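Shown next, in structure tokens, is the structure this report addresses.
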Amino acid sequence: MNYATHCTVLFFATLIACSGPEPRADAYGNFEAIEVMVSAESPGRIMQFDAEEGTMLEKEAVVVVIDTMQLHLKRNQLRTGLATIHSKLNTLDAQIRALQVQLNNLKREQERINNLAEGGAATSKQQDDIDGQIAVMEAQIGAVKSQKATVYAERSALDIQILQVEDQLRKCSVRNPVEGMVLAKYKEAGEIAAPGQPLYKIAGMDKLILRAYISGKQLAAVKNGQQVKVQFDTESGMEAVSGRITWISPQAEFTPRIIQTREERVDLVYALKVLVPNDGRLKIGMPGEVIF
């Protein structure tokens, strides 16, 4: 080996020795998303379902439409009953006005009789008779007003029923609760939906959670809100992004089978969650590493 070759070998050996191995991860886990199960609130046949697995949906977008024919018919029936109630109220108001006119006439007659009685031209019986007629008329007006109060109560009940039907109509249009990707679809257009029955599952993909596990010895090195380094595999090698610890389990558990840590698999570990921004490279289920 000549002198030049010997120097070249020494240079690369020195370079490799200085570079050293990459830092070993402190925790391992898999990426997951915050999944939302979207269910039906009203029963009926699904008339429209604008979503497929893998579709990106905007928040508040109408995804599922359930048949509303029966609800529309019920609302029309209630509105007809409400119109009847208004007609009753108008009739009772007319009766009250007519009775009030008669009462005013009787009061004028009462005043005239009282004036005559003071001059001795009217008897006490006439006074008693007119007083009795006024009392009867006031009682009749009170009875009609009582009927009117009952009709008002009926109208309030119908108003509430109409609001309930309109609320059910709104629930027949299922709006997407969060922006994200459809992970699973459980129903198709034409099938029957039931209240509480899942229609599809969606998850936001702009931020994922790396659920990793650490040993009891590592607990002192982590805390909620701590910024950590998260590594994941790509075609060009390991990539790293910044993440933030959002949760640390208060209870220990046995290491899950799919997780490998620096400790033995039979050791107790603590789960933690790291919130990681996603630019599209991270997928649900991908493995990841955490460096504190």
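None of LYS187, LYS171, LYS217 is over 24 Å from GLN70 (Cβ atoms) and either in contact with a Cys (Cβ under 9 Å, 6 or more places away or on another chain) or among the charged types (D, E, K, R) (or both) except LYS217. Filtered by the rule that a residue be over 25 Å from TYR270 (Cα atoms) and of a type in the set (Ser, Thr, Tyr), segment 232-248 gives THR234, SER236. Among the residues examined, ALA83 qualifies as closer than 20 Å to GLU166 by Cα and without any contact (Cβ under 8 Å) to a residue 12 or more places away in the chain. Contact annotation: residue pairs with Cβ atoms under 7 Å, 6 or more positions apart or on different chains, pairing a residue in segment 168-194 that is free of Cβ contacts under 8 Å to residues at least 60 places away in the same chain with a partner that is surrounded by 15 or more Cβ atoms within 10 Å (Cβ to Cβ) and aromatic (Phe, Trp, Tyr), are TYR186/TYR200. Taken together, ALA193, ALA143 contain a single residue that is closer than 14 Å to VAL38 by Cα and either not charged (D, E, K, R) or not assigned by TED's automatic domain parsing to the domain that holds PRO250 (or both), which is ALA193.
The set of residues from segment 48-70 being touching a helix residue (DSSP H, G or I) at 6+ places or on another chain (Cβ under 7 Å) and at pLDDT 95 or above is empty.
Within segment 21-43, residues that are farther than 24 Å from GLY216 by Cα have Cβ atoms under 6 Å from residues that are among the hydroxyl-bearing types (Ser, Thr, Tyr) and at pLDDT 90 or above in these pairs: VAL38/TYR200, counting only partners at least 6 apart in sequence or on another chain.
Applying the criterion of at least 1 residues that are of a type in the set (S, T, N, Q) to the strands (runs of 3 or more DSSP E) found wholly in segment 22-89 leaves 27-32, 35-39, 44-49.
Each row is one residue, and each column tells you yes or no for (1) farther than 30 Å from ARG281 by Cα; (2) hydrophobic (A, V, I, L, M, F, W, C).
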| position | (1), (2) |
| --- | --- |
| GLN161 | yes, no |
| GLU166 | yes, no |
| GLU179 | no, no |
| GLY190 | yes, no |
| GLY204 | no, no |
| LEU210 | no, yes |
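Across segment 161-174, a minimum of one residue is classified as assigned to a loop (DSSP other than H, G, I, E, B), of a type outside the set (A, V, I, L, M) and either over 30 Å from PHE31 (Cβ atoms) or in the same structural domain as SER249 (by TED's automatic domain parsing) (or both).
The values are calculated or read from the model by the stated rules, or taken from the named source; none is laboratory data. For clarity, every value in this text was computed on a predicted model and none was experimentally measured. Here the Cβ is made from the backbone with ideal geometry for all residues, glycine too, and neighbour counts use every protein chain on show.
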